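Contents: one structure, followed by commentary.
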Amino acid sequence: MIGRHRKKKFEPAPVLSVVLAGVFAGAVAVAPLDGGSADGGSADSKETPSTKAVAERVDRSAAKRDEGPPRKAPDDCDPSKSTARYANGRIPVDQLCKLPQDGEYLRADAAVAFYKLNAAYHDRFGKEMCVRSSYRGYNKQKQLYQSMPAGMAARPGNSKHGIGIAVDLCDGVQRESSPQFKWLEDNSRKYGWMHPRWAYSSPYEPWHWEFDVGQA
Ligand SMILES: [Zn+2]
């Protein structure tokens, strides 16, 4: 009896191999169908667009999930519109371009470049740049000059903020050792922005970045 039981225990093996054989047979049976339809190449050409379409749909939905900020300035932001006739700090805001950051404005050429930099920054850090200050009118410059320690703010009428080509950044950039500062240092010029040499030391302003108009 024991022997018989033991023997029974081994019985599933042949059954399994029959099942497996069936699976393999199925696989073999399916294979010629795939191979057969490939001979004329029509199956390939039919399949490729549909696979591509699916991939595109996936890409689109992924892009939608993480669209990020706009890479382009608004259409009414026109760099050919010069603000040169306005004195420092006297540019009407409607002559400037709105940045993606609420309440922040720059001269059109600087803004167009800023949108690209901001989008690249978002690609790297998953968030937009933090802007504490951008265009600064004359009165605001005066107020800052009077309230800041000597040398810490430009004399009113001399600030790059007053011509709409400078931003003061936050969220890490204000520390020279931060990954954000390092990334900007390595990449900002590709997008037309730079950290002026003076801002490394006198006064030390890691947060202050300018649109690159060829200054040192
Ligand atoms: Zn500044």
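Computed from the coordinates by the stated procedures, all read-outs in this text should not be read as laboratory data. Here the structure is a predicted model, which is why all the values come from computation and not from measurement. Here the Cβ positions follow ideal geometry from the backbone for every residue, glycine too, while neighbour counts run over all protein chains shown.
Of Lys116/Lys182; Lys72/Lys142; Lys72/Lys190, which ones are farther than 22 Å apart at the Cα? Write down the numbers at each step before the final one.
On the way: Lys116/Lys182 18 Å; Lys72/Lys142 33 Å; Lys72/Lys190 15 Å.
Listed pairs above 22 Å: Lys72/Lys142.
I want to check the label-to-label distance for Lys81 and Ser201. Put each point 7 Å from Cα in the C-beta direction and report it in nm to one decimal. Output for this residue pair reads 4.1 nm.
Extending 7 Å from the Cα toward the beta-carbon at both Asp186 and Glu128 defines two label points whose distance is 2.5 nm.
Can you compute the charge dipole magnitude of region 93-211 about its Cα centre, using +1 on each Lys and Arg Cβ and -1 on each Asp and Glu Cβ, nothing else charged? Give it in debye, rounded to the nearest 20. All intermediate terms of the calculation are to be shown ahead of the outcome.
Details: 16 positive and 13 negative charges, 48 e Å.
Taking the Cα centre of region 93-211 as origin, the dipole is about 240 debye.
A Förster radius of 45 Å combined with the Cβ-Cβ distance from Gln95 to Ser177 puts the calculated FRET efficiency at roughly 0.75.
With a Förster radius of 30 Å applied to the C-beta separation of Glu67 and Cys170, the computed FRET efficiency comes to 0.85.
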